[in-house]
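Asker: Encoded as C-alpha cells, here's the structure I'll be asking about.
The values are calculated or read from the model by the stated rules, or taken from the named source; none is laboratory data. If you're wondering where the values come from, they're calculated on a predicted model, not measured in any experiment. Note that we place each Cβ from the backbone using ideal geometry, even for glycine, and neighbour counts take in every protein chain shown. Calculation scope for accessible area: heavy atoms of the full protein, side chains included, ligands and nucleic acids excluded. Shrake-Rupley method; radii C 1.70, N 1.55, O 1.52, S 1.80 Å.
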Amino acid sequence: MLRLRRYLKPYLGLVLVSVALLFLQANADLALPDYMSRIVNVGIQQGGVERPVPEALRTSTMDHLGLFLTDEEKAELLSSYVLVDRSSPDFSRQVVRIPALEKEPVFVVKPDRVATLQGLAPVIARGLLVVRAVEQIQANPAQAQSMFPGLDLSRLPPGADLFALLESLPASQRARVVALVDQRFAALGGEKAILQAGARAVLQEYEALGMDTLGLRNSYILRVGGQMLLIALVSAAATLTVGFLSARVAAGVARDLRLDFFSHVMRFSGAEMERFSTASLITRSTNDITQIQMVMMFLLRMVFYAPIIGVGGVIRALRKGPSMWWILGLAVSVLVGVVSVLFRITVPRFRVIQELLDRLNRIARENLTGMMVIRAFNRERYEEERFDAANRDFTRTALFVNRVAVFAMPMMMVLMNGVSVLIIWVGAHQVARATMQVGDMMAFLQYAMQIVFSFMMLSMLFVMLPRADVAAGRVAEVLETPVTVRDPDTPQPFPDPFAPSLEFRHVSFRYPGAEEDVLHDITFRVSPGETVGIIGTTGSGKSTLVNLIPRFYDVTEGAIYVGGVDVRRVQLRDLRSRIGYVPQQSNLFSGTIESNLRYGSEDAGEEVLRRALEIAQASDFVLSHDQGLAMEVAQGGANFSGGQKQRLSIARALVKQPSIYIFDDCFSALDYRTDARLRRALREYVGNSTVIIVSQRVATIKDADRILVLDEGRLIAQGTHQELLERCDVYREIAASQLRLMEVAA
C-alpha cells in the first residue's frame, strides 16, 4: 500500500478533516458511558444531588453540623448561608421551593458562595454523615456499635440528648468522632465514598424541608440526558461526514489509479505487454483497484478511530474501576491471540486468490474469443472441464478464507459476551461491598465493549489489509514497470517540408528475454513516394520489421530513419501522426462505422469518409445499407466478415491521409479481384506518400516499385518482380507456388 501513497496527496486536506472528525467522534463516543454513569449514580442513586453542598439547611441541622467543624470552617459555612424567615424579602419566592419555611426559619445558600463551598464539600459531607449517624443512634441506640465500633452508650440515661452531650465535649473529642467516619469509609472508597454518602444525606435534608426531590431528580436526569443526546448527535454527524469523506477519498484514489494504470498500459510497447497477460491487466485494473478502494475507505474510517477508542477506553475504564484492570488485559490478550492465528492462516491465501482469479479470467477470455474454434473442434467439453477446474480452485481457496472470517465473528461475540459476564459478576460483588457504584460498573462495561470493539475493528483491518496490500503490489508492479519506448528528453522535429523517406541502417532486433535475434543486419532505403513490398517465408520477420517503424518496439542494434531523422529522437505522437498503419489482425471498436473511420482523423468531412470507403472497396456494403455510416459495429466487429473488417481497417488508415502507409498483410482476406481493384485505386489515392505492403501473396506486391525478400530474419534480396524471379530462388519458389506459369513468365 505504501508504494501507492502518492495517490493520497491530492486528498490530504480531506484526510486531515476526516482525522479531526474521527477524533471528535471518538471523544464523543467515549463521553457517553460517563454521562450514563452520572445518570445512574447521581440522577437515580443520589436523587439528582451532585455534591454534598446543600442549597438549604434547617437551623437544627446547621447547629448540629457546626459541632463537627473547626471554628474557621464553621465561620466560612455560616458566611455562605443566609437565614430566611417570614420577614425576609424573598420569603414568598423561597417558600414555594422550601415548604418548611412555613414552620421555621431555614438557612439558604448565597448564590455567589456556591463555588466557594465546593472546597468545603468533604468537610460538610463528613459533618452531615456524623449528624445523620447521631440522629439514628439517638432514635435507636442499638445501632451505635454497628456505626461506631467501640462506642458504648449503655450508661447513658434513656432519652438523653446526644447532640447536647457532644456539645459539652472538647473539640478534640468531637474530632475523634469525625475520624471514625473516615475509618468506616476508608474500605469503601475513601473520600469518594464519603462525598457520595454525603450527597444522599443532603437529599434526606431536602426531604425533611419538604422540597420537591422527585423534580430535582427528574431535572438532573433530563439535563444530563439532553447533553448525552446532543453528544450522540455530534457523534452521528461526525460519523456520517467521515463516511462521506472517506468514500470520496477512496473513490477518488481508485479513479486516479485506474486512469494512471490505463494511461501507463496504453504507453506499453510490445516488450512490456509480454510481461503481463491481458487477463491479468484487466483483473489488476478492476478487481485489485476495487480491493484497494474498499480497504482505503475502511482504513480512513477505522485506523485513527479504533486506536483513540482503545486507548481512551482503557484510560477511562481504569478511572471507573481500577481494580478490574485484569479483565481488560485478559480480553485484549485473548483477542490479540485469536487475531494472530487468523492472520497467519489467511494472509498467505490472498495472493493465491488473486492469481487464481487471473487464471479464471484468462480461461474465460480465451473461451469467449475462441468460441468458434472450440465448436469447430468439438472441444466444448474439454474447455468446460478446464474452466470448472480453475473455478473450483478459486472457489475452494475463497471458501477457506471466508470460513475463517465467518469463524472469527462468533469467536469475537463469545469473547465480548464472556467479558460482559465477567465484568458484571466481579462488579456486582464490588457494588455489594460498596466499593463501586452501579453506574461506574455499567460505564466500565461499556468502555470494555468499546475497547474490545476497537480491537475487533483493527483485527478486521489487519485481515483485509494484506489482501489489499497484495492487490496494491500487483497494481504498483504495472505502474512501476518502465516504458522502454518513450519520447526523448530533447525531441528533434522533422524537417519542414517533410519528405516521407524511410531507411533501415544495419538494424537487428531481439525480443526481450530471447536468446537470438529475429532480424539480422537489415539495411535498405525507401525513397519518398515509393511503393515497397515485403515478402518472405512464414516467421521470417516481416511483421516484426514494419512494427519497428512506428516504434512498437525499439531496435536492438542499428537505427531507423524517417524523413532523415532517427525515429528514437522524435516524439512518438509526431512520428505516428505521419504513419497510417493497418495491422494483420483487423481491430474494430464498438460504436458506428463513422466513429471507427474517424479514428484516422476526427475532423474528416463526410466526403473524405466516403472516398476512403470507395478506395477500400467497402462502399458496397456500407453506403448501400439503410444506416450507412451510422451502421452499428459490434464488439470486435463481430457483425462483419473478415474481408469486410480488413477493408474498413484500410479505409480508417486512408482517412488519416498520412505520409507513410504500412499495410501489414491486411489484404489476406480479400479475393484477388477485390485485391486488384483496391490496389489500383490505392495507387491513385496515395499520391506522393510512401507505401509499405507486407504480404504473403505475390500478386499483391508484384507491381510494387521494389520488393524486399526476407528469409529467417535476413534481407536476402531486393528488386522488382522480374529481377527477383531471375535471381532469387526463395522468391521464385513463392511465386511459382501461387501464380500460373504464364504469370510467372510475364
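Asker: Which condition does Thr59 not pass, out of (1) within 30 Å of Ser168 (Cβ to Cβ); (2) touching a Pro at 6+ places or on another chain (Cβ under 9 Å); (3) surrounded by 17 or more Cβ atoms within 10 Å (Cβ to Cβ); (4) free of Cβ contacts under 8 Å to residues at least 60 places away in the same chain, if it passes all the others?
Answerer: Status for Thr59: all satisfied but (3).
Asker: Continuing with this model, one more query. Output the qualifying pairs, or none if there are none: Cβ atoms under 8 angstrom, residues six or more apart or on different chains, first residue in the range 721-740 and within 13 Å of Ile535 (Cβ to Cβ), second residue basic (Lys, Arg) and open to solvent by less than 70 Å² (accessible area, probe 1.4 Å).
Answerer: Gln738/Arg697
Asker: Which one of these does Glu385 not meet: (1) at pLDDT below 85; (2) over 27 Å from Ser285 (Cα atoms); (3) part of a helix (DSSP H, G or I)?
Answerer: Single failed check for Glu385: (1).
Asker: Moving to a separate point now. Among the residues of the range 486-526, what is the count of those that are part of a loop (DSSP other than H, G, I, E, B), at negative phi and not charged (D, E, K, R)?
Answerer: To start, the set of residues in the range 486-526 that are part of a loop (DSSP other than H, G, I, E, B) comprises 486-501, 510-518.
Those still in the list that are at negative phi too: 486-501, 510-512, 514-518.
Those still in the list that are not charged (D, E, K, R) too: 488, 490-495, 497-501, 511-512, 514, 518.
Summing the residues that are part of a loop (DSSP other than H, G, I, E, B), at negative phi and not charged (D, E, K, R) in the range 486-526 gives 16.
Asker: Find the residue count for the range 431-454, including only residues that are in a helix (DSSP H, G or I) and either open to solvent by 20 Å² or more (accessible area, probe 1.4 Å) or touching a His at 6+ places or on another chain (Cβ under 8 Å) (or both). So that I can check it myself, show each step before the final result.
Answerer: Of all residues in the range 431-454, those in a helix (DSSP H, G or I) come to 431-432, 438-454.
Subset that is either open to solvent by 20 Å² or more (accessible area, probe 1.4 Å) or touching a His at 6+ places or on another chain (Cβ under 8 Å) (or both): 431-432, 438, 441-442, 445-446, 449-450, 453.
Total satisfying the criteria: 10.
Asker: Tell me, which residue of the range 338-358 that is touching a residue at least 40 places away in the same chain (Cβ under 8 Å) and charged (D, E, K, R) is surrounded by the most Cβ atoms within 10 Å (Cβ to Cβ)?
Answerer: Step one: filter the range 338-358 for residues touching a residue at least 40 places away in the same chain (Cβ under 8 Å), giving 338-339, 342-343, 345-347, 349-354, 356-358.
After this cut, where a residue has to be charged (D, E, K, R) as well, the list is 349, 351, 358.
On the way: Arg349: 18, Arg351: 16, Asp358: 23.
Per the stated criteria, the residue is Asp358.
Asker: Glu515 passes all but one of (1) in contact (Cβ under 8 Å) with a residue 12 or more places away in the chain; (2) more than 30 Å from Glu632 (Cβ to Cβ); which number fails?
Answerer: Checking Glu515 against (1) in contact (Cβ under 8 Å) with a residue 12 or more places away in the chain; (2) more than 30 Å from Glu632 (Cβ to Cβ), the one that fails is (1).
Asker: Pairs, please: C-beta under 9 Å, at least 6 apart or cross-chain, first residue under 16 Å from Ala317 (Cα atoms) and in the range 410-437, second aliphatic (A, V, I, L, M) and outside any helix (DSSP H, G or I)?
Answerer: These pairs meet every condition: Gly427/Met436; Gln430/Met436; Thr435/Ala187; Thr435/Leu188.
Asker: I'm trying to understand the selection: among the residues of the range 550-567, which are of a type outside the set (A, V, I, L, M, F, W, C), on the phi < 0 side of the Ramachandran plot and under 41 Å from the mean Cα position of the chain (by Cα)?
Answerer: Narrowing the range 550-567 to residues of a type outside the set (A, V, I, L, M, F, W, C): 550-551, 553-554, 556-558, 561, 563-564, 566.
Now drop any that are not on the phi < 0 side of the Ramachandran plot, which leaves 550, 553-554, 556-557, 561, 566.
Pro550, Tyr553, Asp554, listed by residue number.
Asker: Out of Ser649, Ser695, Ser689, which single residue is among the hydroxyl-bearing types (Ser, Thr, Tyr), under 56 Å from the mean Cα position of the chain (by Cα) and open to solvent by 10 Å² or more (accessible area, probe 1.4 Å)?
Answerer: On the way: Ser649 fails: open to solvent by 10 Å² or more (accessible area, probe 1.4 Å); Ser695 fails: open to solvent by 10 Å² or more (accessible area, probe 1.4 Å).
Residue meeting the stated conditions: Ser689.
Asker: Could we say that Ala499 is surrounded by fewer than 17 Cβ atoms within 10 Å (Cβ to Cβ) and over 22 Å from Val582 (Cα atoms) here?
Answerer: Details: surrounded by fewer than 17 Cβ atoms within 10 Å (Cβ to Cβ): yes; over 22 Å from Val582 (Cα atoms): no.
No: the conditions fail for Ala499.
Asker: If a residue counts only when it is open to solvent by less than 20 Å² (accessible area, probe 1.4 Å) and farther than 18 Å from Thr690 by Cβ, which helices (runs of 4 or more DSSP H) contained entirely in the range 543-637 have at least 1 such residues?
Answerer: 593-597, 606-615, 619-622
Asker: Give the residues of the range 106-134 that are in contact (Cβ under 8 Å) with a residue 24 or more places away in the chain, in a helix (DSSP H, G or I) and open to solvent by 30 Å² or more (accessible area, probe 1.4 Å), sorted by residue number. Walk me through it before giving the result.
Answerer: To start, the set of residues in the range 106-134 that are in contact (Cβ under 8 Å) with a residue 24 or more places away in the chain comprises 106-110, 113-114, 116-118, 120-134.
Filter again for in a helix (DSSP H, G or I), leaving 113-114, 116-118, 120-134.
Within the range 106-134, Arg113, Val114, Thr116, Gln118, Val123, Arg126 meet the criteria.
Asker: Another question, then. Evaluate the range 85-101: report whether one residue or more is hydrophobic (A, V, I, L, M, F, W, C), outside any helix (DSSP H, G or I), open to solvent by less than 50 Å² (accessible area, probe 1.4 Å) and touching a Phe, Trp or Tyr at 6+ places or on another chain (Cβ under 8 Å).
Answerer: Going residue by residue through the range 85-101, those that are hydrophobic (A, V, I, L, M, F, W, C) are 91, 95-96, 98, 100-101.
Next cut, outside any helix (DSSP H, G or I) only: 98.
Now narrow it down to the ones that are open to solvent by less than 50 Å² (accessible area, probe 1.4 Å): 98.
Those still in the list that are touching a Phe, Trp or Tyr at 6+ places or on another chain (Cβ under 8 Å) too: none.
No; the residues of the range 85-101 include none that is hydrophobic (A, V, I, L, M, F, W, C), outside any helix (DSSP H, G or I), open to solvent by less than 50 Å² (accessible area, probe 1.4 Å) and touching a Phe, Trp or Tyr at 6+ places or on another chain (Cβ under 8 Å).
Asker: Scan the range 30-65 residue by residue and report those that are assigned to a helix (DSSP H, G or I), farther than 21 Å from Leu318 by Cβ and small (Gly, Ala, Ser).
Answerer: Gly43, Ser60
Asker: Does Ser659 satisfy being under 23 Å from Ile692 (Cβ atoms), in contact with a Pro (Cβ under 7 Å, 6 or more places away or on another chain) and hydroxyl-bearing (Ser, Thr, Tyr)? Before the answer, list the steps.
Answerer: Numbers: under 23 Å from Ile692 (Cβ atoms): yes; in contact with a Pro (Cβ under 7 Å, 6 or more places away or on another chain): yes; hydroxyl-bearing (Ser, Thr, Tyr): yes.
For Ser659, the condition - under 23 Å from Ile692 (Cβ atoms), in contact with a Pro (Cβ under 7 Å, 6 or more places away or on another chain) and hydroxyl-bearing (Ser, Thr, Tyr) - is met.
Asker: If you don't mind, there's one more thing I want to ask. Residue by residue through the range 574-624, note down the ones that are closer than 20 Å to Pro550 by Cα and without any contact (Cβ under 8 Å) to a residue 12 or more places away in the chain.
Answerer: Scanning the range 574-624 gives a single hit, Gln585.
Asker: While we're here: If I filter the range 254-277 for residues that are of a type in the set (Lys, Arg), assigned to a helix (DSSP H, G or I) and open to solvent by 70 Å² or more (accessible area, probe 1.4 Å), do I get at least one hit? Quick ask: steps written out before the conclusion?
Answerer: The first filter runs over the range 254-277 and keeps only residues of a type in the set (Lys, Arg), leaving 255, 258, 267, 275.
Narrowing the set further to residues that are assigned to a helix (DSSP H, G or I) leaves 255, 258.
Retained after the next criterion (residues that are open to solvent by 70 Å² or more (accessible area, probe 1.4 Å)): 255, 258.
Within the range 254-277, one or more residues are of a type in the set (Lys, Arg), assigned to a helix (DSSP H, G or I) and open to solvent by 70 Å² or more (accessible area, probe 1.4 Å).
Asker: Going by the conditions given, is Val406 open to solvent by 20 Å² or more (accessible area, probe 1.4 Å) and aliphatic (A, V, I, L, M)? Spell out how you get there, then give the answer.
Answerer: Values: open to solvent by 20 Å² or more (accessible area, probe 1.4 Å): yes; aliphatic (A, V, I, L, M): yes.
When the stated conditions are applied, Val406 passes them.
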